[in-house]
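Data first, discussion second: the structure below is written as structure tokens.
The values are calculated or read from the model by the stated rules, or taken from the named source; none is laboratory data. Note that this is a predicted model, so its numbers are computed, not measured. Cβ coordinates were reconstructed from backbone atoms using ideal geometry, including for glycine residues, and neighbour counts include every protein chain displayed. What goes into the accessible areas is simple: the full protein's heavy atoms, side chains included, and nothing from ligands, DNA or RNA. Shrake-Rupley method; radii C 1.70, N 1.55, O 1.52, S 1.80 Å.
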Amino acid sequence: QQQVKQSPQSLIVQKGGISIINCAYENTAFDYFPWYQQFPGKGPALLIAIRPDVSEKKEGRFTISFNKSAKQFSLHIMDSQPGDSATYFCAASVAPGNTGKLIFGQGTTLQVKP
Amino acid sequence: GAGVSQSPSNKVTEKGKDVELRCDPISGHTALYWYRQSLGQGLEFLIYFQGNSAPDKSGLPSDRFSAERTGGSVSTLTIQRTQQEDSAVYLCASSFGRTANEKLFFGSGTQLSVL
């Protein structure tokens, strides 16, 4: 019940295309859903996050879509660029008394071809 | 420093040896986390420190793993009698620790290889 399942494991997109990464969870107590981006040899960095009181959040080319009833959320990268090539992790945590202990998905390696 | 600093960046050891991994969090951050990233796997939570509170050790995979945080700053993760399955990238993260769901700042990690 503490798992966050992420798909696909890898993704290849042409420059200018839309990249879509999906995550699903079981624990209905989760109420914070961040996405982290990791470049090779670096630690993950927060990209964008959403709370379940909204169904969508957009920051530049990055959008999180959230479906509370389906317990699913996804990251959309519009106009994908080669510089977006990285590993993306979804995550979830529980806010009340939350220690920041995030439960991460397995990661998606995105390659954007020029 | 400007970010979370981890050392060494790479560590190669022999099976059965003990290793110590160091994390220097961002100044002023009271919360510190250790995660493990295995090849093709997600980030696995290991341990969490917050101020003077007892650490959350719920993610430590065995009693060969331990961690301490001295003076509320630097943390050391120790793995005793290393096994080949301990090979992974060990990531440290810190945050201000003032509110729930804060942004975590990760270091670049220590790549541990157990031969």
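B:GLU102 meets all of the listed conditions (1) within 13 Å of chain A (Cβ to nearest Cβ); (2) in a loop (DSSP other than H, G, I, E, B); (3) under 21 Å from A:GLN3 (Cβ atoms) but one, namely (3).
Whether a residue is assigned to a loop (DSSP other than H, G, I, E, B) and open to solvent by less than 50 Å² (accessible area, probe 1.4 Å) was assessed, and B:LEU46 does not pass this test.
From B:GLY59, B:GLY51, B:GLY71, which residue is closer than 26 Å to B:GLY40 by Cβ and surrounded by fewer than 18 Cβ atoms within 10 Å (Cβ to Cβ)?
So the residue among B:GLY59, B:GLY51, B:GLY71 that is closer than 26 Å to B:GLY40 by Cβ and surrounded by fewer than 18 Cβ atoms within 10 Å (Cβ to Cβ) is B:GLY59.
Is it the case that region A:48-71 has a residue that's open to solvent by 30 Å² or more (accessible area, probe 1.4 Å), under 16 Å from B:LEU43 (Cβ atoms) and touching a residue at least 24 places away in the same chain (Cβ under 8 Å)? No, region A:48-71 contains no residue that is open to solvent by 30 Å² or more (accessible area, probe 1.4 Å), under 16 Å from B:LEU43 (Cβ atoms) and touching a residue at least 24 places away in the same chain (Cβ under 8 Å). Of the set (1) open to solvent by 70 Å² or more (accessible area, probe 1.4 Å); (2) within 13 Å of chain B (Cβ to nearest Cβ); (3) of a type outside the set (Gly, Ala, Ser), all apply to A:TYR36 but (1).
In the list B:GLN111, B:GLN80, B:GLN41, which residue meets the criterion of being away from chain A (no Cβ under 14 Å) and open to solvent by 40 Å² or more (accessible area, probe 1.4 Å)?
Working: B:GLN111 fails: away from chain A (no Cβ under 14 Å); B:GLN41 fails: away from chain A (no Cβ under 14 Å).
It is B:GLN80.
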